[in-house]
1. Show me the helices of the chain, taken as full DSSP H stretches, that run 18 Å or more along their long axis by Cα and average 1.0 or above in Kyte-Doolittle hydropathy.
2. Sort 79-86, 173-180 by the packing proxy (mean of other Cβ within 10 Å over each peptide's residues), most packed first.
3. What residue among Leu36, Leu109, Leu151 shows peak mean-square fluctuation when the chain is described by a Gaussian network model with Cα springs under 10 Å?
4. Treating the beta-carbon of each Lys and Arg as +1 and of each Asp and Glu as -1, no other charges, what is the dipole magnitude of segment 158-207 about its Cα centre, to the nearest 20 debye?
5. Roughly what would the spin-label model give for Asp61 and Ala40, points 7 Å off Cα along C-beta, in nm?
6. Whole number in Å², please: accessible area per residue of segment 32-99, 1.4 Å probe, ligands, DNA and RNA not counted.
7. Report, to the nearest whole %, how much of the accessible area of the chain belongs to carbon and sulfur atoms, 1.4 Å probe, protein only.
8. If the elastic network links every pair of Cα atoms under 10 Å, which of Ala97, Ala12, Ala155 fluctuates the most in the Gaussian network model of the chain?
Amino acid sequence: MEVLSNTNISTAAELRRAQLLLVAKELILSDGVEALRHAAVAERAGVTRAVIYRYFPTQSDFIVAIGNEFIEALKQRLSPEKQIEAARASVSSDFAAAEIYFDVVFSVLEDKGPASLMLLLEPDLTPKLKSFWASVDVEQYGHWLQESADLGITAIDSQVLIQVGKMTLLTLYKVYRAGEISRNQAVSRVSYVICSLINTLRAKPCN
């Protein structure tokens, strides 16, 4: 009889978890966040609901895992120093330099899927998720917010900036994936819209 090592067991568990997470993201993309239920994931994955609960006890666990996956993938591709450089470029209208960041974001979206951005645009589902997505905003947009604050952009305008940034990224990514524009065009447009908004808010803050 073959005896499984702890390493093999761990690897199998990690693989199963990754597979279930992929199914959850596909479900969000095809049917929306409201369709993310344990029964739906189990049916699409071809497993029992007990298996789903073992890895993701609640819907929130799925959502947090998707958000963390995106953040970690972004960190692996672009150092914090490079992200800060992109933020500084955006407030000085250096669109080409800011595009470095958005090009990396597109790479992550192509690799991991846009489910994380779709979730970011959803209303607060639970207090736990509200707190989690607030931390994601700081993680993902913190450099921009700091640069904007240093220029006198108000907290209200900063929230506008975050929401418009999310929608711009998701919209132009979808347009690119639909084949309507090239990836370079999409990345350039994202950079232009966000940089332009930052400088508009800088010139005319909401008081």
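1. None clear 18 Å together with a mean of 1.0.
2. Peptide ranking by packing, descending: 79-86, 173-180.
3. Maximum fluctuation in the GNM of the chain, among the listed residues, is at Leu151.
4. Dipole of segment 158-207, to the nearest 20 debye: 40 debye.
5. It is 1.9 nm.
6. With all protein chains present, segment 32-99 gives 50 Å² per residue.
7. C and S fraction of accessible area: 54 percent.
8. With Cα springs under 10 Å in the chain, the top fluctuation among Ala97, Ala12, Ala155 is at Ala12.
The values are calculated or read from the model by the stated rules, or taken from the named source; none is laboratory data. For clarity, every value in this text was computed on a predicted model and none was experimentally measured. A quick note on method: Cβ atoms are made from the backbone with ideal geometry, for glycine too, and the neighbour counts reach across all protein chains shown. For accessibility, only protein heavy atoms count, side chains too; no ligands or nucleic acids. Shrake-Rupley method; radii C 1.70, N 1.55, O 1.52, S 1.80 Å.
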